[in-house]
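These notes are about the structure you will find just below.
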Amino acid sequence: MEYCFSPLLILLIIGTLSNCEATCNQIVSSNGNPSIETRVSIGECVILHCTLNGTTQWKLNGTDISNDDAHYNINTTSGTLTIQEVRSTDTGNYTCGSGSISLIMKIPFITVTGQYTNLTVGSSVSINCTTMPSIPSSVIQWHSSSFNTDSNELIINPILLLCNHYLLIILTLTAISPTDAGVYICNASINGSDIKISGSKDLCLKVPFYQYNDTLKDLPLGYSAAIQCVNILLINGTTIKWTDSNGSVVSNNNTLILPNVVPSLNNTEYTCTVEVNANPVTCSLPDNKTIIIDIKRTYVSSIVMSSQLSFLINSTVKIDCFILLNTPVGPGIQPIVSWYHNMTNITHHSSLLRNYDFLFISILNIDSIQVFDAGVYRCNAGIDSNVTTNNISVCVTVNETLPSVTEELSLGQYYSIDCITGPVPTGVSVSWLITDGSIYSNNNTLMIPSVLPSHNNAQYTCTIMFETNPSDCSTQSQVITLRVTAAYINLVTITPSSIVRFINSSVVLACTISLNTGIGPDTSFISHYWYQYSTDISDRSTQLMISGDSKSLVTTLNITSVQLSDAGVYQCRASIDGNNTVVSSTEDLCIKIPVINSLFDTNLRLGDVREYDCTLGYNYRQSEVVVAWHDYTSNRVFNNPLILTVDQSINNTVYICSLLNIKNPINCPFQQANVSITVKDTFITTVVTNIDSLILSNTSHHLECHITTNTDINTTNTDINSIVNVSWYRDNGNENRLVSDSEGVSILPIVSVTDTSFISTLRFSPITSSTPVSTLGNYTCVAWIGEQSVRNKTSNNVQVMMKINNSRDVVSMSLSEYTVGDSFNATCMITAYQLSPPIATKGIIDIIHNKRIIRSGAFDIGATGSHKQSLNIPFTNFKLSYSGGYYACSYIRSNNSFVQLSDVKQSATIQINIKIPINSTSLVLKLPTKPFHEVGSKVTLSCKVTEPNSPLVDIDTAVNIKWSSNTNVNQQYSIRPYNKYFNYTLTNIKLSDAGEYSCTYYLNSTINNPYIMPSDVRTGVTNVTIKIPNGNNPSIAPLYPYYNVGDNISLICSVTYPHSPLIDIATN
């Protein structure tokens, strides 16, 4: 058998033996007892005594054992049986002679002990296994839980004969490893017996930790660090874990690796727990050790930067910030760097380089520096919360491109030069200073609007200020000197010459000044003057303008609206700074007034007013211009303008106009024009009225005569009544007479519609009681032009009439409600009042039914006063079909041919309501066949209505019928056919059903005609008699049980009725 013990395991077996042959402590004697029990231990020596009874013979459980002298020692003399080492097979019943001894085996006990606590891996230990008492011929086995079941036995089988003592076996383990931990079990078994005993001892191990102090000091930043929990030779058979201060597992390896030591790890705790896998569960919790991380204090000792740097705008800029640490750091750590421009964080534009483990360089990159990039830049750096900082002033500059001296400049030239080439960046201010230091301009561009002689050798200084530059940045400046060419006047001339212009036209006089050299474009340094006669009018001239090759200057005198006062002699003068003056030759300006063109004004209209203005409306003063008209034939003189009213007397006349401008020079020309006049021939072409007839009323009316001419007549400024003549005539049967203004009619003035259309109007006043009837008749109008009455035209006839106004007349008609068969009169009443003016008339009356005349009549109405008239229509046996529709009375008045009929006047429409007669029908009641009815029986009430028998009821009708009573029946009306009984049944009648029942009905039309009224209501009555049911047999009893002679006797008669809901009223 193989044993899987450690090679350092040494097993020592020490047995302490006693000499059993010397003595047997256990002696048992039967003493003739039939049965004795004794207990012995295995391996113990025992002597059994037998009471001799003859030959000694020992039996075990009935088997003779005398011959087994190897194990049993029988003394035949003394009769004793000695068993020097009791075996487990020796138990049983021993008999000898008459005696019997039962030998019972004592079970031994075993103990496992070891004197050890906090046993660590690598040390040695002994485990004692003791059996009490000792077990001879036994097998001892050690078992350990750390081995598998097939190889976990160490067999120690000492065969010892020991009595009353113990057997001690010692298991010694040296240089123990974690795999030696576990439960150690000592088993003892007795040969030849199935008895086994065992004992155990837990072996708990601890692994010694690596020899660190509690704090791991001065770890450098940026490097990796390794912390070992235990010696690597001791980790086999263990479980290791590292946890942080939160209890979270950070590693299951023996070595905890910190890949990068950072400041946040300072004072961080890590705990290593080592558990021996084979340790029994009864062992105490596994050991642990806590390590505190201490980081070496690391900080930025200094930052080195330039104090100031200047950069050209748009250039690429790199600013270095040198960062020195107090101690080197590993590749896993670097200082935290932040860059600020003024107060803005711009770290994202920087990069960080490691030069040495203690020196870093942070580079701030500005791809194209601008004005706003100028300012103070701050570099902050730190490893921990302590930050070191340093500043640098960044100044922005621009290229200096100004020349020191300009090329020669021309007088009047506009000169400019930029201090900064290109657009001035935002945040940059440029100023130009003159020699005395005062500011000339705050613009980038030096602008000389016009180079003057005084600009020669003038100096200008450009200063450039950057608003964002720190205060310690210097200011840029440049100086430039101007050079100017000298110039003088050669000649002055005026163009054009001998000018003639009309008033209100434009005149431009050009004065040309010739120079020795080119100038401009400004000419303000050259003085020029204009004169009209001796008056200085220079303020009316334009500025000098360069013409051609810039050696000629032109100033113009622009008279945009020439007036008479602008005529005269003009002169131009010029000089430079008041020297070298040249006077030009003079030029005449003649002003003409626009005059009327010589014309032939032909075919003028009658009534035209013609105005001929020789000066065409020019508003002149008599001190300036002389104007006059005269007739060529008669030489008559007229003022200007010439005003003519056209008539035939001026036909074929010529008029001449003459004009002189007093201020014109003597050489200016004279002005004249003429006008020839002819007039159109005009006459009437048509005369027609606007209507053929006219009806007068209580409002005014107009009759128009429309007149047209062959050609147009001007009526704008001329009264047409002085040109066109019109007369009106009336014929009312007495003869044709001229109409004049009178009561009832008036003639209005002629009005113009167009230049060839005119209207003469008669106005008829509203008809009143005083209006003469002679106003009515046939009217015509006659028209002609001027004195040409023989060329007149006459209109058509217009019939003027009056319509009878019967608005005050009253028409009425009276009708009422009737029943079929009634007879009555329908009366139409007329009240006719006096007309205005009073006229005798005739009245016509019509009675109308549904727009059809059913009766007419006529009567005369006098001219004055009021008149009443009536018209009757009798109706007899009025039928039902006459209902509906409407009845009305209409009326009209008439006269002779000049008086129109009046309007139709009609009364209000009246509808006739006709009631259906009830007496054309009868009610039939079916009476009960019995005089009375029993309670609980059924009663049927029946009634019917006969059909109407009158021919006057000539439309279909229907009967509406119902049964009712004062107690329990109240039906609604229902429509029933004629001649058929209408029933109402009472079932299971009660006493309360007795009484009077009514059958009520009325007639109504079956067509939808609102003017047919229902008939009156008719009622028939029948009675329902109900018999009270008999009660039980009556009984008679005296009131008192006995009476004395002479007493009054009272008898009680009682009847008992059965209870029934049909007897629902009180009875007696």
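The values are calculated or read from the model by the stated rules, or taken from the named source; none is laboratory data. Everything numeric in this text was worked out from a predicted model, so none of it was measured. Cβ placement follows ideal geometry from the backbone for every residue including glycine, while neighbour counts extend to all protein chains displayed. The area values use the complete protein model at the heavy-atom level, side chains included, leaving out ligands, DNA and RNA. Shrake-Rupley method; radii C 1.70, N 1.55, O 1.52, S 1.80 Å.
When the Kirkwood hydrodynamic radius is evaluated over all pairs of different C-alpha atoms of the range 912-1068, what value in angstrom, to one decimal, is obtained?
It works out to 19.5 Å.
Report D for the range 593-679 in µm² per second (integer): Stokes-Einstein, Kirkwood Rh on Cα pairs, 4 °C, 1.567 mPa s. Walk me through the numbers before you get to the answer.
Details: Rh = 13.8 Å.
The Stokes-Einstein estimate is 94 µm²/s.
Treating only the Cβ of Lys, Arg, Asp and Glu as charged (+1, +1, -1, -1), what charge dipole size does the range 684-803 show about its Cα centre? Round to the nearest 20 debye.
240
Relative contact order for the range 27-106: what percent, with Cα pairs under 8 Å and sequence separation of 6 or more?
Numbers: 185 pairs, mean separation 34.2, N = 80.
Answer for the range 27-106 is 43 percent.
What relative contact order, as a whole-number percentage, does the range 300-396 give when Cα pairs under 8 Å and 6 or more residues apart are counted?
RCO, the range 300-396: 39 percent.
Keeping the other protein chains in place, figure out the carbon and sulfur percent of the accessible area of the range 400-482, with a 1.4 Å probe.
That share works out to 50 percent.
Can you grab the distance from the C-alpha centre of the range 237-273 to the C-alpha centre of the range 297-365, Å, no decimals?
So the two Cα centres are separated by 35 Å.
Please report, as a whole percent, how much of the solvent-accessible surface of the range 300-396 comes from carbon and sulfur atoms (probe radius 1.4 Å).
Values: 2490 of 4610 Å².
It is 54 percent, rounded to a whole number.
For the range 400-482, report the accessible area per residue in Å² (1.4 Å probe, heavy atoms, rounded to an integer).
On a per-residue basis, the range 400-482 sits at 51 Å².
Return, for the Cα atoms of the range 684-803, the radius of gyration and Dmax in Å, separated by a comma.
For the range 684-803, the Cα-based Rg and Dmax read 14.7, 46 Å.
For the chain, what relative contact order do you get, as a whole percent, if you take Cα pairs closer than 8 Å and at least 6 residues apart?
On the way: 2623 pairs, mean separation 46.5, N = 1068.
So the answer I get is 4 percent.
Calculate the tail of P(r) for the chain: the fraction of all Cα-Cα distances greater than 57 Å, expressed in %.
Beyond 57 Å sits 75 percent of the P(r) for the chain.
Please report the accessible area of E408 (heavy atoms, 1.4 Å probe, ligands and nucleic acids excluded) in Å², nearest 10.
Answer for E408: close to 130 Å² accessible.
May I ask for log10 I(q)/I(0) of the range 810-910 at q = 0.12, 0.20 Å⁻¹, from a Debye sum over the Cα atoms as equal point scatterers with solvent left out?
With one equal scatterer per Cα and no solvent, log10 I(q)/I(0) is -0.44, -0.97.
Find which of G427, L659, T1019 sits farthest along the positive direction of the dipole of the chain, computed with +1 on the beta-carbon of Lys and Arg, -1 on that of Asp and Glu, about the Cα centre.
T1019
What accessible surface, in Å², does a 1.4 Å probe find on E704, ignoring ligands, DNA and RNA and rounding to the nearest 10?
50
If R0 is 60 Å, what FRET efficiency do you get for D549 and D472 from their C-beta distance, rounded to 0.05?
After rounding, the FRET efficiency stands at 0.60.
Place a +1 charge on the Cβ of each Lys and Arg in the chain and a -1 charge on the Cβ of each Asp and Glu, then give the dipole magnitude about the Cα centre in debye, rounded to the nearest 20.
5020
Students sometimes get this wrong: rank L216, L835 by accessible area, probe 1.4 Å, all chains present, largest first. Please report the intermediate quantities before stating the final value.
Working: L216 35, L835 10 Å².
From most exposed to least exposed: L216, L835.
Which entries in the list K592/K680; K842/K879; K938/K962; K680/K793; K842/K915; K915/K962 go over 30 Å, if you measure between the two C-alpha atoms of each?
K592/K680; K842/K879; K842/K915
How about the range 453-512: which chymotrypsin sites (Phe, Trp or Tyr not before Pro) there are in a DSSP loop, with at most 15 other Cβ atoms within 10 Å of their Cβ?
Those satisfying the criteria are Y488.
Just to be sure I follow: if Rg is taken over the C-alpha atoms of the range 400-482 and Rh is the Kirkwood radius over the same atoms, what is Rg/Rh?
The Rg/Rh ratio comes out at 0.99.
Can you give me the accessible area per residue for the range 489-591, using a 1.4 Å probe, in Å²?
Values: 4560 Å² over 103 residues.
Accessible area per residue, the range 489-591: 44 Å².
Taking a cut-off of 25 Å, what percent of all Cα-Cα pairs in the range 862-993 are separated by more than that?
58
Report the Cα centroid-to-centroid distance between the range 438-461 and the range 738-813 in angstrom, as an integer.
Value for the Cα centre distance between the two parts: 96 Å.
Give the accessible surface of the range 941-987 per residue, rounded to a whole number of Å², with probe radius 1.4 Å and ligands, DNA and RNA excluded.
Ligands and nucleic acids excluded, the figure is 55 Å² per residue.
Taking every eigenvalue of the Cα gyration tensor of the range 863-926, multiplying by 5 and rooting it, what semi-axes result, largest first, whole Å?
45, 12, 9
Give me the percent of the accessible area of the range 810-910 that comes from carbon and sulfur atoms, probe 1.4 Å, all protein chains in place.
Reported share for carbon and sulfur atoms: 48 percent.
Putting +1 on Lys and Arg Cβ atoms and -1 on Asp and Glu Cβ atoms, find which of T678, C395, V207 reaches farthest to the positive end of the dipole of the chain.
Sorting the options by dipole projection puts first T678.
With unit charges on the beta carbon (Lys/Arg positive, Asp/Glu negative), name the residue among V562, I1036, S765 whose Cα is farthest towards the positive pole of the charge dipole of the chain.
I1036
Do me a favour and compute the ellipsoid semi-axes for the range 938-1015 from its Cα gyration tensor, root of five times each eigenvalue, largest one first, whole Å.
Output for the range 938-1015: semi-axes of 30, 13, 9 Å.
What does the convex hull of the Cα atoms of the range 226-298 come to per residue, in Å³, rounded to a whole number? Working shown, then result.
On the way: hull volume 6.8 nm³, N = 73.
In the range 226-298, the Cα hull volume divided by residue count equals 94 Å³.
Only loop residues by DSSP count here, and only those with at most 16 other Cβ atoms within 10 Å; note down the chymotrypsin sites (Phe, Trp or Tyr not before Pro) in the range 889-994 that meet that.
Loop-located and lightly packed - F932, Y973, Y978, Y981.
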